[in-house]
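Before any comments, here is the structure.
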Amino acid sequence: GSPKPSVAMIYGYCLGGGLEIALACDLRYCAASAQFGIPAAKLGLAYNVEGHKRLLETVGHARAREIMFLGRRYNAEQGLAMGLVHQVLPQGELDSYVDGVLQTLCENAPLSIANSKTIIEEYVKSSGAPDAARMRAAVERCARSEDYREGRRAFMEKRKPQFKGR
């Protein structure tokens, strides 16, 4: 996967394959009008393996069973309560909120974000133990980076850091 975070901005229906795409993103934000669900059981479809995995990682096995077995639709607040999304916003505020999230991501240290993404992915992967060497290497790469030195300097100088991803 990419070391960069992916962000989903959801308006309206987010069902089946659309929900799978959203769940593949690191961060998910929706308008209050959003609806979520996987109607495979209502259609006689076999939902794919990777989609099940992402759903399990996101909502846990008890909620995944309900979502998959019942094929119901859930409103935005229910989606938030289950962990399908990180935040629900009024329709007119979603764009500016996500713009702010993206701005924050761009201002934060890319190597720090990539480090966290690597470690999280190792812990949630479907087979085998987490690759401790891969996780340590990600931490060490970050600790030796110019960005880390810049972050420390900026903190001591009480200024905003200028990260370069090196």
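With Cβ to Cβ distances under 13 Å as the rule, what net charge do the other residues near Glu20 carry (K, R +1; D, E -1)?
+1
If amide H atoms are built 1.01 Å from N in the plane of the peptide, which residues on other chains or at least 5 residues away come under 5 Å of the amide H of Gly16?
Here the answer is Gly37, Ile38, since their amide H atoms fall under 5 Å of that of Gly16.
If ligands, DNA and RNA are left out, what is the accessible area of Asp26 with a 1.4 Å probe, given in Å² to the nearest 10?
Accessible surface of Asp26 is approximately 60 Å².
Give the accessible surface of the chain per residue, rounded to a whole number of Å², with probe radius 1.4 Å and ligands, DNA and RNA excluded.
Per residue, the chain has 60 Å² of solvent-accessible surface.
How would you classify segment 78-125 from its alpha-carbon gyration tensor, with a ≥ b ≥ c the square roots of the eigenvalues: rounded for a/c under 1.5, else prolate if a/b is greater than b/c, otherwise oblate?
oblate
P(r) of the chain in 10 Å steps, Cα pairs, percent per bin?
10, 31, 30, 21, 7, 1, 0
Can you put Met9, Met82, Met156 in order of accessible area, largest first, using a 1.4 Å probe?
Met156, Met9, Met82
Just to verify a number: what accessible area does His86 come out at with the full protein assembly present, 1.4 Å probe, Å² rounded to tens?
Per-residue accessible area (His86): approximately 80 Å².
Got a number for carbon plus sulfur as a percent of segment 1-108's accessible area, 1.4 Å probe?
Carbon with sulfur: 55 percent of the solvent-accessible area.
With a 1.4 Å probe and every protein chain left in place, tell me how much accessible area Lys4 has, in Å² to the nearest 10.
Its heavy atoms expose roughly 140 Å² to the probe.
Of Lys117/Lys158; Lys117/Lys160; Lys125/Lys160, which pairs sit farther than 32 Å apart, going by alpha carbon to alpha carbon?
Lys125/Lys160
Provide Ser127, Ser145 ordered by accessible surface of protein heavy atoms (probe 1.4 Å), highest first.
I get Ser127, Ser145, largest accessible area first.
Rg and Dmax of segment 60-139, using alpha carbons, in Å: what are they?
In Å, with Rg to one decimal and Dmax whole: 17.1, 45.
What whole-number distance in Å separates the alpha-carbon centres of segment 120-162 and segment 49-76?
31
In degrees from 0 to 90, rounded to the nearest 10, what is the angle of the helix 94-107 Cα long axis to the longest principal axis of the chain?
Helix 94-107 sits roughly 30 degrees off the main axis of the chain.
In the Gaussian network model of the chain, springs joining C-alpha atoms below 10 Å, which of Val101, Val49, Val88 carries the largest mean-square fluctuation?
Most flexible of the set in this elastic network: Val49.
Around Ala133, what is the net charge, scoring Lys/Arg as +1 and Asp/Glu as -1 over all other residues with Cβ under 14 Å from its Cβ?
Within the 14 Å Cβ shell, the charges total 0.
Work through the residues other than His61 whose Cβ is under 15 Å from its Cβ and net out their charges, Lys, Arg +1 and Asp, Glu -1.
Taking every Cβ under 15 Å from that of His61, the sum is +2.
The values are calculated or read from the model by the stated rules, or taken from the named source; none is laboratory data. Being a predicted model, the structure only gives us computed values, none of them experimental. Note: ideal-geometry Cβ built from the backbone for every residue, glycine included; neighbour counts use all protein chains shown. All accessible areas refer to the heavy atoms of the entire protein, side chains included, with ligands and DNA or RNA removed. Shrake-Rupley method; radii C 1.70, N 1.55, O 1.52, S 1.80 Å.
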